[in-house]
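Comments concern the structure below.
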Amino acid sequence: MDFKKLDTETKEKLSSQFKEFSDILGGKNFFLTTIEEIRDIKPNPLLNKTGTFHTKKVKISLSKSLLKDTLTTLYDSIRREEKVGDMLDGINPKEYKSVMNMIKTLKPATVTFESKESGQSFSFNILDTSEEKKTKVTFAFKAIFFYHLDEAKKALAYE
């Protein structure tokens, strides 16, 4: 996804959301540094059994721990969503079942970022289920855990 290709309303919403996130964590640089630190953690921190992991200034916790199969299905679904606009379009029945199981598993799941310094926190859902039969992965999740860092920078810089 390219932030520049989004409609103005979506850009404004995402920009204000990311600016709020960065303010809670202590500024844009701290927010971007946190994203870089998350990406540097190996193996993928989302697979941590406790659902919690740390960077230098932030404690990140998932309301539900993820299994490797669920995370792989999620990443494949994000790629499919980027290509065809829907994570369920044009998949075979076996894949459909695994994607639906992933959706059921992650629908209530949230990611919480808590600043170690200020104690302030913010949360967001992994999946956006606001439209019936059009489940999507939230931009916040994709920008922090999947997209190139430039997408988060574009969201923060948007005026």
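The values are calculated or read from the model by the stated rules, or taken from the named source; none is laboratory data. Worth saying up front: this structure is predicted, and the values here are computed from it rather than measured. No Cβ is skipped: glycine too gets one built from the backbone with ideal geometry, and neighbour counts run over all protein chains shown. Surface areas here come from the heavy atoms of the whole protein model, side chains and all, with no ligands, DNA or RNA. Shrake-Rupley method; radii C 1.70, N 1.55, O 1.52, S 1.80 Å.
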Practice task
For residues that are open to solvent by 20 Å² or more (accessible area, probe 1.4 Å) and part of a helix (DSSP H, G or I), tally how many sit in the range 93-110.
Solution key: 10
Fill in the blank from the handout: Scanning the range 69-123 residue by residue, those in contact (Cβ under 8 Å) with a residue 40 or more places away in the chain and of a type in the set (Val, Ile, Thr) turn out to be ILE78, THR105, THR110, VAL111, THR112
Exercise for the section: Determine if the range 124-139 includes at least one residue that is modelled with pLDDT under 90, outside any helix (DSSP H, G or I), among the basic types (Lys, Arg) and farther than 22 Å from SER15 by Cα. Expected result: yes
Exercise for the section: Scan the range 18-31 residue by residue and report those that are buried (at least 17 other Cβ atoms within 10 Å of the Cβ) and of a type outside the set (D, E, K, R). Expected result: PHE18, PHE21, SER22, ILE24, LEU25, GLY26, PHE30, PHE31
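Residues checked against (1) of a type outside the set (D, E, K, R); (2) over 26 Å from THR33 (Cα atoms):
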{"residue": "THR70", "(1), (2)": "yes, yes"}
{"residue": "VAL84", "(1), (2)": "yes, yes"}
{"residue": "LEU88", "(1), (2)": "yes, yes"}
{"residue": "THR110", "(1), (2)": "yes, no"}
{"residue": "GLN120", "(1), (2)": "yes, no"}
{"residue": "GLU151", "(1), (2)": "no, no"}
Completion exercise
Residues in the range 111-147 that are more than 17 Å from ILE24 (Cα to Cα), of a type in the set (Ser, Thr, Tyr) and either open to solvent by less than 70 Å² (accessible area, probe 1.4 Å) or under 11 Å from the mean Cα position of the chain (by Cα) (or both) total 4
